[in-house]
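Take a look at the structure set out below.
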Amino acid sequence: MFPKLISIGSFFLPTYGVLVALGFLAGLWVAVRLARRNGLAAELVTNLAVYCALGGLLGAKILMIIFDWNDPQKPPIFSLETLQAAGVWQGGLVLAIVVAILYIRHNRLPLLSTFDAFAPGIALGHAIGRIGCFAAGCCWGNQCDLPWAVTFRNPQAAELTGVPLGVPLHPSQIYEMLTELAVFAFLYWRFGRAHAPGRIIGIYLVLSSVARFLIEFTRFHEQGLHLGLSLTQWIAIPLGAAGVALLARPSMPSAKVSPPVAA
């Protein structure tokens, strides 16, 4: 595919990184719009998004390093290759949630309503980021003979991510991109209807976790399986359970959603 957007000597601007940045900006724009409709301060929401993005990047890298700890073929932890490599989404999501809770409590924002405003934007940013994964060749799928199988042929992709060349593979990145776009569309529509605080983030956790759990069966797992499941599938289970718990909470007064405002 197209893993390097710009190359200057040994330095290159990864397509993945650019699309992750675009995904963050798109998600932030959506979150600020929805936060305003919930009566939340745009400045506080923007600052929260920045802190969560930093926490998410760190968490994704930490979980990637944990996964690759015993792999001698992986680059050293403190290297440009590790910095440029994609991380593990669930690791970023977990640490971002922890950062968000601390920030929300410190600034006395309504916890569940704030998470609700962020949920659609998270799904959108995730979808755009998966396009970056596809461009880089990371998170590739298992070999298959389906009509829509994809075959990577760029040596740079193989060098950077280890994706096999000349082999038809499940386009797992595209599966997740399309799923997250559908989740975003549904959450954005659902946010505009009356809902109890916590409903939107609960729906997001359930839908995204179920989708990731199922899509993982089409992916190649460099770290192997643990009791028949990948590590990301094991992480998806408690995240999905947390979403179910939010949806099962006794109904609270519905959140009042204001009409859309101009950007």
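Here the gap between Ala241 and Leu111, fully extended at 0.36 nm per residue and compared with their Cα-Cα distance, gives a gain of 45.0 nm. The string of couplings for region 103-120 from the Karplus curve (6.51, -1.76, 1.60, θ = phi - 60°) is 5, 4, 5, 5, 9, 6, 8, x, 4, 5, 5, 5, 4, 4, 5, 7, 4, x Hz, one whole number per residue in order, with x for Gly and Pro. Per-residue extension of 0.36 nm, minus the Cα-Cα distance of Thr46 and Cys144, leaves a gain of 31.0 nm for this segment.
Within region 4-247, the ratio Rg/Rh, alpha carbon atoms throughout and Rh by Kirkwood, equals 0.97.
Each Lys or Arg adds one and each Asp or Glu subtracts one; over the other residues with Cβ under 9 Å from the Cβ of Ala127, this totals -1.
Peptides 29-35, 39-45, 167-173 ranked from most to least packed give 29-35, 167-173, 39-45, packing being the mean of other C-beta atoms within 10 angstrom over each peptide's residues. Let me test this: with uniform point scatterers at the alpha carbons of region 104-253, what is the Debye-based log₁₀ I(q)/I(0) at q = 0.11, 0.14 1/Å? Debye output, listed in q order: -0.51, -0.75.
Readers should treat all values here as calculations from the given coordinates under stated rules, not as data from a laboratory. All figures in this text were calculated on a predicted structure; none of them were measured in a lab. Every residue, glycine as well, gets a Cβ built from its backbone with ideal geometry; the counts of neighbours run over all protein chains shown.
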